[in-house]
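Below: the structure, in structure tokens.
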Amino acid sequence: MLHFMAFRLVSDLEGAVEDMVVTADQIRAARLRLLRMHFESGVGHIGGNLSALDILLCLYHDVLKPADRFVLSKGHGAGAMYVTLWSVGLIDEAELTTFHKDDTRLSGHPPADAIPQVLFATGSLGHGQGLAAGLALANRLKKDGGRVFCLTSDGEWNEGSSWESLIFVAHQRLENLTFIVDANGLQGFGTTREVANLDPLADKFRTFGVETLEIDGHDHAAIAAALGAPQSGPRVIVAHTVKGSGVSFMANRMEWHYLPLKKEQYEQAVREISSP
């Protein structure tokens with residue numbers, strides 16, 4: 001069962017997060033910590049976590065403001081989310097060692113009410129977009145001024161609920177809402193083209209009258225520019241990423257949607273990530 005998460009910044013870090021700019025050393029440290037966490041827990045989903053990590057780091061270090069909200073619709077990216085929260089001081093080192101263990105807050109798909117920053121945790125893929133739309137509309141009605149960001153996988157756009165949400169978003173002209181698609185081209189049973197081809201996905205979004213940008217999802221400058229640009233309506237950012245990014249034997253390999261790391265694989269991945 002795939003879940004999604006929505007996060008908000010806690011008040012004691014509001015000022016600090018606004019001033020942060022993610023560095024190359026922090027990015028490398030986050031990748032290494034993600035690898036270690038998944039290796040020590042013996043669980044999979046590492047490929048899709050590596051494809052999403054740069055987007056999440058950029059969001060939390062460079063983009064999100066105190067009033068903003070974030071929804072992780074691709075809940076199987078929980079590991080990357082936990083490591084991102086660790087990188088900004090919202091989860092400590094000791095707690096990362098409890099990932100996927102009994103009685104942890106850091107389960108594979110986090111439950112509701114476990115982490116203060118998690119607003120939602122329920123349902124299968126394709127549900128995060130609707131809840132993000134609801135948050136965005138509520139912000140508008142309450143004149144709160146915050147923006148809402150929602151990270152989805154590309155495969156979950158096979159879900160009808162995803163398109164129902166987009167219809168609502170386009171109709172309401174939610175200028176405070178941005179969907180980011182982690183477009184790594186792979187899902188549980190093959191490539192997105194083989195399973196249910198939606199290419200060119202960006203053009204599908206444009207037919208709804210939604211501004212759509214395409215970027216390199218591992219280029220932090222491009223991510224920050226796309227996320228930070230002023231909006232006059234809803235926006236979709238198709239971030240072209242690599243499943244297993246940064247690790248040669250994982251890159252663009254569907255099996256790393258599932259496989260845990262063996263010791264020799266973990267050691268090779270650490271060497272590759274650690275290389276300048």
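The values are calculated or read from the model by the stated rules, or taken from the named source; none is laboratory data. Model, not experiment: these values are computed from the prediction. Here the Cβ positions follow ideal geometry from the backbone for every residue, glycine too, while neighbour counts run over all protein chains shown. When the accessible area is computed, the model is the full protein with side chains, heavy atoms only, and any ligands, DNA or RNA have been set aside. Shrake-Rupley method; radii C 1.70, N 1.55, O 1.52, S 1.80 Å.
Structure notes:
- Based on the Kirkwood approach, the hydrodynamic radius assigned to the chain is 18.5 Å, with every pair of different Cα atoms included.
- Taken over the chain, lysine pairs spaced eight or more positions apart, or on distinct chains, with alpha carbons under 22 Å apart number 10.
- Ordered by 1.4 Å accessible area with all protein chains kept, T152, T192 run largest first as T192, T152.
- Solvent-accessible surface (1.4 angstrom probe) belonging to R28, in square angstrom, nearest 10: 80 Å²
- Cα centroid separation, the range 237-276 to the range 79-114 (Å): 21 Å
- With protein chains left intact and a 1.4 Å probe, residues in the chain average 41 Å² of accessible area per residue.
- Among the helices of the chain, those built from whole DSSP H runs whose Cα atoms reach 20 Å or more along their own axis and whose mean Kyte-Doolittle hydropathy is at least -1.0 are 24-41, 128-142.
- Heavy-atom accessible area for H45, with the other protein chains in place and a 1.4 Å probe, reaches approximately 50 Å².
- For I180, nonlocal amide neighbours, meaning residues 5 or more places apart or on other chains whose placed amide H falls under 5 Å from its own, are C150, L151, T152, I237.
- Under a Gaussian network description of the chain, with springs only between Cα atoms under 10 Å, the residue in A24, A225, A136 that fluctuates furthest is A24.
- Accessible surface, 1.4 Å probe, highest first, among residues F208, F179: F208, F179
- Using a probe of 1.4 Å on the protein chains alone, the accessible area found for F99 is around 10 Å².
- Protein accessible area in the range 58-114, 1.4 Å probe - carbon and sulfur %: 47 percent
- Rounded is the label for the range 105-236. Its Cα gyration tensor axes, ordered a ≥ b ≥ c, give a/c under 1.5.
- Each label was represented as a point 7 Å from its Cα along the Cα-to-Cβ direction; for K142 and Q268 these points are 5.0 nm apart.
- A 1.4 Å probe over all protein chains sorts K142, K65 by accessible area into K142, K65, starting with the largest.
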